[in-house]
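Worksheet: one structure, shown below.
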Amino acid sequence: MREIERLINKYGESHTNRINIMIHAIAVPAIFFVTIGLLWSIPVPEFMQVMKITFAHVLAIPTLYYYFKLSGPIGAAMTLLTLSAFGLVNVLIMFDVSVWIFSLGLFVVMWILQFIGHHVEGKKPSFFEDLRYLLIGPAWWWVHWLKRMNISY
């Protein structure tokens, strides 16, 4: 079994309850987005400001590398989610919404929802066992979509 399949299957073991799955279907991509927003909001040195690079950009590179290493289709899907998150951050900026306040608020709400989902499920979150599952959550979300499109991951 490939590593991505093992990780997705293990993650799926604590995500079988319909309510928990529905919560995660919303919360996981939202948390990914607001994490980008929070990283975007960290002040950067002047040389990065000149190049219009944030810590979100810097950390996206190794994160996407990790996803591509696990699976090409997952890497491509996560690239799409990452670009979408950057686009949504730009929308917040365009509407003069504080990226860090919006992101922090939504981050807290989405994590509370996920813990409610795990309470309903009766199983602890996977990342309590292995922090890699914080990155596997969005991949697990994409697997559902890739299967619907008959794309193997």
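All of the numbers you see were taken from the coordinates with simple rules; none came from a lab. Just so you know, these numbers come straight off a predicted model, no measurement behind them. Please note: Cβ atoms are built from the backbone with ideal geometry, for glycine as well, and neighbour counts cover all protein chains shown.
List of remarks:
- Cα→Cβ-extended label distance, 7 Å offset, between LEU80 and ARG132, nm: 2.5
- Charge dipole (debye, nearest 20) of the stretch 3-148; +1 at Cβ of Lys and Arg, -1 at Cβ of Asp and Glu: 320
- Residue-wise HN-Hα couplings along the stretch 33-46, as the Karplus relation 6.51 cos²θ - 1.76 cosθ + 1.60 with θ = phi - 60° gives them from phi, are 4, 6, 5, 4, x, 5, 5, 4, 7, 5, x, 10, x, 4 Hz; Gly and Pro carry x.
- Coil-residue trypsin sites (Lys or Arg not before Pro) of the stretch 97-153, DSSP, other Cβ within 10 Å capped at 16: LYS123, ARG132
- Restricting the stretch 38-98 to chymotrypsin sites (Phe, Trp or Tyr not before Pro) in coil, as DSSP defines it, with at most 11 other Cβ within 10 Å: PHE95
- Computed on the stretch 69-150, the Cα convex hull volume stands at 129 Å³ per residue.
- Sequence-distant lysines (8 or more away, or on other chains) whose Cα lies within less than 21 Å of LYS147: LYS10, LYS69
- Residue list for the stretch 16-43, given a label point 7 angstrom along the Cα-to-Cβ vector of HIS119 and an amide N cut-off under 11 Å: none
- For the pair VAL58 and ARG2, a Förster radius of 30 Å applied to the C-beta separation gives a FRET efficiency near 0.60, rounded to the nearest 0.05.
- Surface/4 of the Cα convex hull for the chain, nm²: 9.7
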